[in-house]
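Engineer: The structure is given below, and queries will be raised subsequently.
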Amino acid sequence: QALQDGAAFASPGHTEFLAALDGGSDVVMMLASERLRVVPATIHIPLKDVPTALTAESLESVLRITESALKEQFAVANPRIAVAGLNPHAGEGGKMGHEEIDFIAPLLEKLRAAGMNLLGPLPADTMFHAAARARYDAAVCMYHDQALIPIKTLDFDKGVNVTLGLGFIRTSPDHGTAFDIAGQGIANPSSLIEALRMAARMSPS
């Protein structure tokens, strides 16, 4: 908001801004820590716009970019990716929404047949306890808060925002700018330190 109001910043967030700088690349936002990696399939849009913005084509791109990054930048040889449903209970067999039946499940079946290791579509409310997290290397969720609430609850101080799909490595803290404490010398640097460490690990040796 500060950038848009004060400097006519045209992008809704860093992820979209960096994609534009990189020539309009298809990019993915990942929040990562030692305890969890999450990817929102849609990012900085109102919740009411998610069902329209989410398509089989866009979700496939997110899944492919995520799998590639896990292999190439996180050294996960055979990535296991859990995929959340859009609706409560992953649609409850069509009783709570049809996106899972209409295109999410068919897409996952197609990609499994092509060799991807995918779980889902899963109810988001049962994906993030410890036993569930042990079954996958990253979770792809359908919208911003569905992905970011779990990781910020589990590991707020050490979460890192990673932009996947760029031609360069980009990491940052997982939180905002905290204008309310700026200049007071009391900000916690843990997430910034973790972002620098992750960028170093992701860099080619």
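The values are calculated or read from the model by the stated rules, or taken from the named source; none is laboratory data. It should be emphasised that the depicted structure is a prediction, and the values quoted were computed from it without experimental measurement. Here Cβ is always computed from backbone atoms with ideal geometry, including for glycine, and neighbour counts include all displayed protein chains. All accessible areas refer to the heavy atoms of the entire protein, side chains included, with ligands and DNA or RNA removed. Shrake-Rupley method; radii C 1.70, N 1.55, O 1.52, S 1.80 Å.
Engineer: Tell me which residues, restricted to the stretch 171-197, are modelled with pLDDT of 90 or more and crowded, with 20+ Cβ neighbours inside 10 Å.
Structural biologist: Those that are modelled with pLDDT of 90 or more and crowded, with 20+ Cβ neighbours inside 10 Å: Thr171, Glu194, Ala195.
Engineer: Count, please, the residues in the stretch 8-47 that happen to be within 23 Å of Leu107 (Cα to Cα) and of a type in the set (D, E, K, R).
Structural biologist: Final tally of qualifying residues: 2.
Engineer: Glu57 - would you say it is out of contact with any Lys or Arg (no Cβ under 8 Å at 6 or more places or on another chain) and open to solvent by less than 60 Å² (accessible area, probe 1.4 Å)?
Structural biologist: no
Engineer: Let me ask something else about it. For Lys48, only one of the following conditions fails: (1) outside any helix (DSSP H, G or I); (2) over 20 Å from Leu166 (Cα atoms); (3) more than 12 Å from the chain's Cα centre (by Cα). What is its number?
Structural biologist: Condition not satisfied by Lys48: (1).
Engineer: Taking the residues in the stretch 121-143 that are in a loop (DSSP other than H, G, I, E, B) and without any contact (Cβ under 8 Å) to a residue 12 or more places away in the chain as candidates, determine which candidate is surrounded by the fewest Cβ atoms within 10 Å (Cβ to Cβ).
Structural biologist: Filtering first and then ranking leaves Ala134.
Engineer: Just checking, how many residues over the stretch 192-205 are within 21 Å of Leu70 (Cβ to Cβ) and outside any loop (DSSP other than H, G, I, E, B)?
Structural biologist: Residues in the stretch 192-205 being within 21 Å of Leu70 (Cβ to Cβ) and outside any loop (DSSP other than H, G, I, E, B): 9 in total.
Engineer: OK, next. Identify all residues within the stretch 148-182 that are touching a residue at least 24 places away in the same chain (Cβ under 8 Å) and in a loop (DSSP other than H, G, I, E, B); write none if there are none.
Structural biologist: Within the stretch 148-182, Gly159, Gly165, Leu166, Gly167, Phe168, Ile169, Arg170, Asp174, Thr177 meet the criteria.
Engineer: If Val83 satisfies every condition in (1) open to solvent by less than 50 Å² (accessible area, probe 1.4 Å); (2) within 17 Å of Leu31 (Cα to Cα); (3) part of a helix (DSSP H, G or I) but one, which is the exception?
Structural biologist: It is condition (3) that Val83 fails.
Engineer: Search the stretch 86-120 for residues being free of Cβ contacts under 8 Å to residues at least 24 places away in the same chain and among the acidic types (Asp, Glu), and hand back the single one that is least open to solvent (accessible area, probe 1.4 Å).
Structural biologist: Step by step, filter the stretch 86-120, then rank; the result is Glu100.
Engineer: In the stretch 7-30, what residues are part of a loop (DSSP other than H, G, I, E, B) and either in contact (Cβ under 8 Å) with a residue 40 or more places away in the chain or out of contact with any helix residue (DSSP H, G or I) (no Cβ under 7 Å at 6 or more places or on another chain) (or both)?
Structural biologist: Within the stretch 7-30, Ala8, Ala10, Pro12, Gly13, Asp22, Gly23, Gly24, Ser25, Asp26, Val27 meet the criteria.
Engineer: Oh, and also: For the stretch 144-156, what are the residues that are of a type outside the set (Lys, Arg), touching a His at 6+ places or on another chain (Cβ under 9 Å) and open to solvent by less than 80 Å² (accessible area, probe 1.4 Å)?
Structural biologist: His144
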